[in-house]
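For reference, the structure discussed in these notes is given below.
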Amino acid sequence: MTAPAEMPKGGPEPLDERELTEILAYEVQNSLGEEHTQVADRQRQADERYRGAEFGNEIEGRSRVVMRVSQETIEWIKPAAMSRFFDNENLAHYGDESEEGSAAGIGTRMTRSINYYFREKLGGFNLFLEWISAALLYPHAPVKLWVERVREPQFERFAGLSEDELEALLQMPDVEPIELTQDAQELQDPQTGLPVQVPVFDVRIKRWRSFPRMCAAGMPPEEFLISADARSIASATFVGHRRLMTKGALAALGISWDVLEQLPTDTDVSWDFRKETREADTRSSFGASGRQRADKASQTVCVVEGHLRADRDGDGYAEKLHVLAAGRTNNFRLLRADYADDVLAFVDLCSIPMPYQFCGYGFVDLLADLDLLISTLYRLRLDNIYQHNDPRHAMREGGVDLDSYMNREPGAPVFTEGAPSEEIVPLPVAPLPPWAQEMVADLEDVRENRSGVPRYNQSRFTDAQNTTATASAQVTAAANAKVDLLVRIFAEGGIKDFFVAIPKLLRAAAAKPERFRIGDEWVTFDPNEWPEAAPVSVQVGVSAVQTEQQLVRLNSILERQTQALAEWGPGYMAAPEQLYHTVSDMLSLMGKRNVGRYFLDPRGKELPERGPSPEQIKVEADAEQGAAQVKISAGKLEIDAGETQRRLDLTERKDQMEDARERERIAMEERVRVYAADQQYKAAMAQVEAQKEVAAAKAAQPAPAASGA
């Protein structure tokens, strides 16, 4: 990387006060906020359309109704946009890029204290309500932040002062006596012991109190000035605020009364047609008198204050100057031109930014033509209803009393020269064609497509919604997407710049350290400890449906964090601080801003000695239960083994008995067989013996005699 080239020697001549004044007058006259620009016309038209002013094409005796399509759209978007910012506990989050600051929690304290200061000290809700309303209405909406030197009197009364005490009091700076009374008091002389009269004084004084204070306020369109070729406030060669200030307020800024006496007073309270249009409903019917008040401190002067880039010292570089001038462009008087510091800042919002341009579009720019078209259609419908209720008539001149008849409104008589069959003949009134109603619905579709605001109240749309839940969810998601984009444009645009400027201005205002009570906690507010450039992120809320979805996701994250913390301990995958952040985000989504009421912040605290966690207790109990189960299982196994052995023993004994019985049976059968064989043998032998005996007996008998022989 090459080294930067040195600045060329020599250079232009330094600017004197007259040349600087001429540059400033030129920038003011050619700025984007001047009355003669097209942006000024669009800003005026935005006020007219929002307030329902007539279009200028009205016809006497006809309907003059004005449909405020732009106003309805803006008023629908406004609460959705505001809730996305203010439903969170902290709108802006600050970080600390240094390791020491992160460890000390400076970013967290900075976040909580600045958000508290924004809400309570700057009136953040009302400020943003006006700012977002202007951003939705106008092509752009500026806000000014500044540090003002407040000088205000305080009145005090002292009684019974001695002469020395009175002299010491009056010699104090910024003390002026207003009332002084003297009296005498009888005291005892310490030396003689005699009573003496001593003078005492009662005095009422005015003491001037001077201190810096940070302020923030929106600027009406006609008061904001910026270079016509600027793309952003940061790149503008001139950006300023033009307004009427009293000479007393200028004196508080340090402008001497000798200079103030020479400034031209300005009584023109309506010096811009945008101001007249905006205040048309509240302006007095008597008008401005043009008189200045008698006390010079209350006389008003037209003042321009802002930042101007100019090479004042002739070094070839256009420095950023903080300028203050009084008067109009033709009689400017430069009051101050110092190198810019952090006591003044301008930020801006735009609803529909345009590429490469500073000025974008507001919603009225998108819907102004629909205001006219829809109003015209409604006027035609109303005129048609009027004519049906009280139609016009054709009459024969001289046939009726015209004075009594012509008082009837809105139906007006029509004179004819011919001779109708009757003296008064009603003229036919054609009904409006059905496409007239369809045309209104078509224009509503165009409005919805341009703005993203759904027509929940239209019957045709409601019928489509009731068809399926999916159709309703799709339409709701589309509308939320439009609002989400708009809110993100605001967050990353002027709102982020707004919160970047706050700590700088608080340091410039030398804000003293304080302790704020936020809910049930005390937070230290000390701009001196804040880093010079702290990164800022704007927290944007979501819709109700998205809130429920995020709560489910955060609850899932919390479960995993708790599991990791219990399983591995702090500092490995999760820490108590991370669980606290998760819970804080969940409470913020629920609309609970006081986190300390529900959970203590663990940051900066040592982890207490703790017993086993529920998870560990569960693990140990499971282990003990497992061991018991193992013992039971072992005993059961032993019992089963014994039973098995017993069964084996029984089986063996049974087998042995069966073997014995089998052997006994075989032996018995053998004995039976032997016995049977023996019995058979004995029977056979007995039979043989019997046969022998029979044979012997037969043999022993004599032989029989022979017959007839």
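The values are calculated or read from the model by the stated rules, or taken from the named source; none is laboratory data. Note that the structure is a prediction, hence the values are computed from the model and not measured. Cβ sites come from the backbone with ideal geometry, for glycine too, and all protein chains shown count toward neighbours.
Filter the stretch 219-249 down to the residues that are in contact with a helix residue (DSSP H, G or I) (Cβ under 6 Å, 6 or more places away or on another chain) and over 17 Å from Ala40 (Cα atoms) and list them by number.
Across the stretch 219-249, the qualifying residues are Phe238, Thr246, Lys247, Gly248.
Identify all residues within the stretch 187-225 that are more than 38 Å from the chain's Cα centre (by Cα) and aliphatic (A, V, I, L, M); write none if there are none.
Passing the criteria: Leu187, Leu194, Val196, Val198, Val200, Val203, Ile205.
If the requirement is being over 21 Å from Arg209 (Cβ atoms), assigned by TED's automatic domain parsing to the domain that holds Trp208, surrounded by 10 or more Cβ atoms within 10 Å (Cβ to Cβ) and under 57 Å from the mean Cα position of the chain (by Cα), which of these qualifies: Ala184, Ala159?
Values: Ala184 fails: under 57 Å from the mean Cα position of the chain (by Cα).
That would be Ala159, the only listed residue that is over 21 Å from Arg209 (Cβ atoms), assigned by TED's automatic domain parsing to the domain that holds Trp208, surrounded by 10 or more Cβ atoms within 10 Å (Cβ to Cβ) and under 57 Å from the mean Cα position of the chain (by Cα).
Determine if the stretch 216-232 includes at least one residue that is within 30 Å of Tyr317 (Cα to Cα), assigned by TED's automatic domain parsing to the domain that holds Glu319, in contact (Cβ under 8 Å) with a residue 12 or more places away in the chain and among the hydroxyl-bearing types (Ser, Thr, Tyr).
For the stretch 216-232, residues within 30 Å of Tyr317 (Cα to Cα), assigned by TED's automatic domain parsing to the domain that holds Glu319, in contact (Cβ under 8 Å) with a residue 12 or more places away in the chain and among the hydroxyl-bearing types (Ser, Thr, Tyr): present.
Filter the stretch 313-331 for residues that are under 43 Å from the mean Cα position of the chain (by Cα) and outside any strand (DSSP E or B); which is farthest from Ala251 (Cα to Cα)?
Among those that are under 43 Å from the mean Cα position of the chain (by Cα) and outside any strand (DSSP E or B), it is Tyr317.
Being touching a residue at least 40 places away in the same chain (Cβ under 8 Å) and either more than 28 Å from Asp266 (Cα to Cα) or of a type in the set (Phe, Trp, Tyr) (or both) narrows it down to one of Lys247, Lys206, so name that one.
Numbers: Lys247 fails: either more than 28 Å from Asp266 (Cα to Cα) or of a type in the set (Phe, Trp, Tyr) (or both).
Just a single option satisfies the conditions, and that option is Lys206.
State yes or no: is Gly61 closer than 30 Å to Leu382 by Cβ and in contact (Cβ under 8 Å) with a residue 60 or more places away in the chain? Lay out the reasoning, then the answer.
Values: closer than 30 Å to Leu382 by Cβ: yes; in contact (Cβ under 8 Å) with a residue 60 or more places away in the chain: yes.
For Gly61, the condition - closer than 30 Å to Leu382 by Cβ and in contact (Cβ under 8 Å) with a residue 60 or more places away in the chain - is met.
Taking the stated definitions as given, is Ser232 polar (S, T, N, Q) and in contact with a Lys or Arg (Cβ under 8 Å, 6 or more places away or on another chain)? Steps first, please.
Numbers: polar (S, T, N, Q): yes; in contact with a Lys or Arg (Cβ under 8 Å, 6 or more places away or on another chain): no.
Spelling it out, it is not the case that Ser232 is polar (S, T, N, Q) and in contact with a Lys or Arg (Cβ under 8 Å, 6 or more places away or on another chain).
Checking Val630 against (1) under 30 Å from Trp568 (Cα atoms); (2) at pLDDT 75 or above, only one condition comes out false. Which one?
Every listed condition holds for Val630 apart from (2).
Does the stretch 48-66 hold any residues that are outside any loop (DSSP other than H, G, I, E, B) and either loosely packed, with under 14 Cβ neighbours inside 10 Å or of a type in the set (Ser, Thr, Tyr) (or both), and which are they? I'd like the intermediate steps shown before the answer.
Let us first name the residues in the stretch 48-66 that are outside any loop (DSSP other than H, G, I, E, B), namely 48-51.
Of everything in the stretch 48-66, just one residue is outside any loop (DSSP other than H, G, I, E, B) and either loosely packed, with under 14 Cβ neighbours inside 10 Å or of a type in the set (Ser, Thr, Tyr) (or both), namely Tyr50.
Got at least one residue in the stretch 103-118 being more than 23 Å from Cys215 (Cβ to Cβ), surrounded by 13 or more Cβ atoms within 10 Å (Cβ to Cβ) and of a type in the set (A, V, I, L, M, F, W, C)? Walk me through how you get there before you give the answer.
Restricting attention to the stretch 103-118, the residues satisfying the condition of being more than 23 Å from Cys215 (Cβ to Cβ) are 103-109.
With surrounded by 13 or more Cβ atoms within 10 Å (Cβ to Cβ) added as a condition, the list becomes 104-109.
Then drop every residue that is not of a type in the set (A, V, I, L, M, F, W, C), which leaves 104, 106.
Yes, because at least one residue in the stretch 103-118 is more than 23 Å from Cys215 (Cβ to Cβ), surrounded by 13 or more Cβ atoms within 10 Å (Cβ to Cβ) and of a type in the set (A, V, I, L, M, F, W, C).
Hey, any hits in the stretch 207-222 for a residue that's under 21 Å from Asn330 (Cα atoms) and surrounded by 11 or more Cβ atoms within 10 Å (Cβ to Cβ)?
In the first step, residues of the stretch 207-222 are kept if they are under 21 Å from Asn330 (Cα atoms); the result is 222.
Among the residues that remain, those that are also surrounded by 11 or more Cβ atoms within 10 Å (Cβ to Cβ) are: 222.
Yes - at least one qualifying residue is present in the stretch 207-222.
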